[in-house]
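In what follows, a single structure is set out as structure tokens and then discussed.
All of the numbers you see were taken from the coordinates with simple rules; none came from a lab. Predicted model, so just to flag it, every value in this text is computed and none were measured. Please note: Cβ atoms are built from the backbone with ideal geometry, for glycine as well, and neighbour counts cover all protein chains shown.
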Amino acid sequence: MSQAISRVRGMYDVLPEQSWRWQRAEGIMRDLFQQYGYREIRFPVVEKTALFCSAIGEVTDIVEKEMYTFADRKGESLSLRPEGTASCVRALVQNNLMATGAQKLWYSGPMFRYERPQKGRNRQFQQVGVEYFGNPGPQADAELLILGQRLWHALGFDAQQHPIRLEINSLGTSDSRGRYRDALIAYFEQHKESLDEDARRRLYSNPLRILDSKNPAMREIIANAPVLTDYLDEDSASHHAELKRLLDAAGIAYVENPRLVRGLDYYSKTVFEWISDELGAQGTVCAGGRYDGLVERQGGKPTPAVGFALGLDRLLLLIEELGLWHAEPLADIYVVSEDGLDAAETFALTESLRREFPHKRVVQHLDGGSFKSQFKKADRSGARYAVILGQRELDEGTVSVKALKNRDLPQQQVSREELPRFFHENLEK
């Protein structure tokens, strides 16, 4: 007997008992994004490594430590995509999508990062992203944040019992961020002996990332560091003030967090995170911001852009832990038949019900057995009704209908002609 092969560490199977949550979340998101005028885009799982190095930044954890990179047979360096924005920008530029005006796009698919697997963080994970290209104003930022608030409501998060907190900041332009970078370097140089190894490594290459450190020993040093908002240029400060005014007018609560920097190099001006305290240290469920220079950096024309991405794995873990959703039944109608009855008759009945009720789940028992054993499976399916076909019903042109949720209702005979009307009246209640 050969040895079974297990899945790759950090990857996972989505089993039938779990997949209904994925389907429900994906359906809610798709409908909401379409309501706001965003269209779906799909792009390859594998891209040229240079795409992510230039877009995300050479001195980031993703590029330095986490990418799945390999050489193809011609020696070209390829990588499994670690995030979606870089691929979305590449597709926008390569296919000249901006020729028809501003683009509102969304995507969903697997991403890959080689890191230590832990709760809510896998090496393969599902990411959903929304990107708005072509609008430089805070109105585009505000729409995305309003959409985010709508999304949490649609997914069932209660603002009082299970709040998801919005934190915002502005990173300014590259010039103002450059002045801030110099101030940070000068400040951290004064405390170099107290910096951890990761902070020392980033001090001159990417000092803003030190502010994102999760090391408790660094907390006091970071708390006393210069604040980026003190270095904002006039345009960035005005943009940020108008965004806050729009959020206030829309009733969107937010917290200003001057230490919020995000981990990718392409961000400018607005950055934000949606955070839940229910997930511990890994509490960010959605994050994004403005990246006005990335399209040009990737070979396109100067194009303002803003977007966000959420990890569907972590979001569904939160939904499961909070008990926000309950599994839907496998069936609405469960068709059972007398053992030995011609299967063609049962198939004909079942298919007629499926044609009449295309949005209902009609399951036919195919494994034979006694009525008792069939009814046990019907009960486990969660169906509201069982339709029973035996030789007597076949001879009389009827079926028996048994209510499975309300045992007080008597089993009744219904003619084949009246069966659709019966379910139109009773299944919709």
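Quick notes on this one:
- Quarter the surface of the alpha carbon convex hull of the chain and you get the mean projected area, 29.4 square nanometres.
- Computed from backbone phi, the HN-Hα couplings of region 311-317 come to x, 5, 4, 5, 5, 5, 4 Hz, rounded to whole numbers (Karplus: 6.51 cos²θ - 1.76 cosθ + 1.60, θ = phi - 60°; Gly and Pro given as x).
- Approximating the spin labels as points 7 Å out from Cα along Cα→Cβ, the Ser2-to-Val227 distance works out to 6.4 nm.
- Separation of the Ala159 and Val14 label points, Cα + 7 Å toward Cβ, nm: 3.0
- Whichever lysines have a C-alpha closer than 18 Å to that of Lys48, once near sequence neighbours (fewer than 8 apart) are set aside: Lys65, Lys74
- Coil-residue trypsin sites (Lys or Arg not before Pro) of region 324-396, DSSP, other Cβ within 10 Å capped at 16: Lys360, Arg361
- Spin-label pair Leu78/Ser205, simplified geometry with 7 Å Cα→Cβ offset, distance in nm: 2.7
- Cα lying deepest toward the dipole's positive end in the chain, options Ala159, Leu409, Gly75, charges on Cβ: Gly75
- Remark: region 333-426 carries a charge dipole of roughly 620 debye about the Cα centre, counting +1 on each Lys and Arg Cβ and -1 on each Asp and Glu Cβ.
- Pairs beyond 19 Å (Cα-Cα), from Lys377/Lys405; Lys376/Lys402; Lys214/Lys244; Lys244/Lys269; Lys104/Lys244: Lys214/Lys244; Lys104/Lys244
- DSSP-assigned coil residues among chymotrypsin sites (Phe, Trp or Tyr not before Pro) in region 2-53, each with at most 16 further Cβ atoms within 10 Å: Tyr12, Tyr36
- Per-residue extension of 0.36 nm, minus the Cα-Cα distance of Ile185 and Arg354, leaves a gain of 54.1 nm for this segment.
- For Arg121, residues with placed amide H under 5 Å, excluding near neighbours: none
- The GNM of the chain, with springs linking C-alpha atoms under 10 angstrom apart, assigns the highest mean-square fluctuation among Cys286, Cys53, Cys88 to Cys53.
- Its relative contact order, with pairs defined as Cα atoms under 8 Å and 6+ residues apart, puts region 333-426 at 28 percent.
- Listed residues Leu32, Leu404, Leu310, most fluctuating in the chain (Gaussian network, C-alpha, under 10 Å): Leu404
- The charge dipole of the chain, taken about its Cα centre with unit charges on the Cβ atoms of Lys, Arg (+1), Asp and Glu (-1) only, comes to about 600 debye.
- Computed helical MRE - 222 nm, the chain, DSSP H runs ≥ 4 contributing -39500 (n - 2.57), nearest 500: -11000 deg cm²/dmol
- Dipole-positive endmost among Phe133, Asn122, Leu419 within the chain (Cβ charges, Cα centre): Asn122
- The aspartates and glutamates whose alpha-carbon is closer than 20 Å to the alpha-carbon of Lys192, local same-chain residues fewer than 8 away aside, are Asp182, Asp212, Glu220.
- Förster radius 25 Å - calculated FRET efficiency between Asn406 and Ala327 (Cβ-Cβ, nearest 0.05): 0.80
- Only Lys, Arg (+1) and Asp, Glu (-1) charged, at Cβ; region 184-229 dipole about Cα centre in debye: 120
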